[in-house]
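All of the numbers you see were taken from the coordinates with simple rules; none came from a lab. The model shown is predicted, which means the values in this text are computed figures rather than measured ones. Every residue, glycine as well, gets a Cβ built from its backbone with ideal geometry; the counts of neighbours run over all protein chains shown.
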Amino acid sequence: MKAAIWVLSATVLFSACKSKQPSSLNPGKKSTATNVDFATKNGGKSKKGKKGVAATSAEPEGFAVMPYKSQVVGPNLVFIEGGRFTMGALEEDVMNSRDNRERTVSVQSFYMDETEITNLNYLEYLHYVQRDSSAEVASKALPDTTVWYDPLSFNDSYVTYYFRHPGFRMYPVVGVSWVQANDYSIWRTNFVNDNLAKQATGKPKKSSLGGKKKKGQAMAESEALMSTNARPAVESGYVLPNYRLPTEAEWEYAAKAMIGTQYADENQSNQRIYPWDGSSLRNPRGKHKGEMMANFKRAKGDYAGIAGKSNDGAIITEEVYKYPANDFGLYNMAGNVNEWVYDVYRPLSSMDFKDLNPLRRDGFLDEEKRYDVKGNNSVINDKLRVYKGGSWNDVAYWLSPGTRRFLSQDSSTAMIGFRCAMISTGRNK
């Protein structure tokens, strides 16, 4: 009986393999539209070779379909499985802004940095910008360290040391405007993709592109994949999508991490006020029971509690891995520093929106001319950007992912940093 079961199972599996339909990862050897053989990277007829690598022949040049396993995961990125969630403020609107009413939206799967961009990350960026760009461009990239200065506080040491001293390497970079954060994302995209291109043409060693390559194989692939600007074509699969600032919906969805409350089918056990369960700001269990889950200002004048029993361990910012990650594996989605998101601010964002991947990129349907900026009766324009998350200098109310504030895209403070996001191509899980 067991033998018969094994034979039947093998037959079913074999039949399933034979009738397998084309997919993005395995499109087959022929076009389903024209029945013409796909070409290899060198232009020849596709023939299955060792480990699935296509071999070449003397056939006429045709449409090449490159081997592809999956999207290369960029440095520091964590996969965020998309889904539906309730976007907007869940707590009392203490600011009476009425600009973030609850609404149901869906967000496609994407990637996000597991930590805020650190001083060390940004110093690396400045190194390459100063080496490869003009003095004017390099100067514009510098963070504003004077954001720490206050005429009524002795924060002068932070002005001098916070950004560059080795003791602050893994602290979040601050003093960076939305424009600078966006420029960093563009540079990071180009730099990481250039590095991937070098790996594709480099020595036969393990890399983020895959396993070891035989001598000459990497070079042959690279020669076929490189475009005129010495970078692999998008169709090659070697090119990462753009690093960018997350949208407000992506950021809020990732911060809530409602995946941690799901228990059966599409049921979720509870809504979340913060990026963790419960209404408490302290860890409810384990060896860290009673410790704060984030870095924030507990009350007026209370930034860290008393010596010997500090409530969150940090008077200003703290290292990016200091506090527990949420259920998506993201650190400091509440507290430490606020974070820039891509969206332009509008008070009607909760009314004029798409329910799939919502984004407000400008004043569409709510133009800035409706607001009396010239008469100084409003500050609303297309250069205001949203930031979220709360900071070391904010009370607990701002730690809730649904809260939102705004600032000019050219401005910066000691309470705002950023992290990057990236689209996920070809998968939901």
### Query
For A64, which sequence-distant residues (separation of 5 or more, or a different chain) have an amide H within less than 5 Å of its own amide H, given hydrogens modelled in the peptide plane?
A39
### Query
What is the extension gain from E92 to K383, computed as 0.36 nm multiplied by their sequence separation minus the C-alpha to C-alpha distance, in nm to one decimal?
102.0 nm
### Across K256/K383; K140/K256; K256/K354; K198/K383; K140/K354; K30/K69, pairs whose alpha-carbon gap is larger than 30 Å
K140/K256; K198/K383; K140/K354
### Query
If we count other beta carbons within 10 Å of each Cβ, what is the order of L359, L281, fewest first?
L359, L281
### Task
Loop only per DSSP, at most 14 neighbouring Cβ atoms within 10 Å: give me the chymotrypsin sites (Phe, Trp or Tyr not before Pro) in the range 88-125, ordered by residue number.
none
### Message
Check which residues have an amide H placed less than 5 Å from V105's amide H, if you skip close sequence neighbours.
### Response
F85, M87
### Task
Return the sequence-ordered ³J(HN,Hα) values of the range 69-80 in whole Hz as given by the Karplus equation 6.51 cos²θ - 1.76 cosθ + 1.60 applied to θ = phi - 60°, using x for Gly and Pro.
9, 5, 5, 5, 7, x, x, 6, 8, 10, 6, 10
### Query
Listing V179, V147 from the residue with the fewest other Cβ atoms within 10 Å to the one with the most, what is the order?
V179, V147
### Task
Please arrange Y184, Y371, Y331 by counting, for each residue, the other beta carbons lying within 10 Å of its beta carbon, fewest first.
Y371, Y331, Y184
### Summary
Between E368 and H288, the FRET efficiency computed from the C-beta separation at R0 = 45 Å comes out, to the nearest 0.05, as 0.45
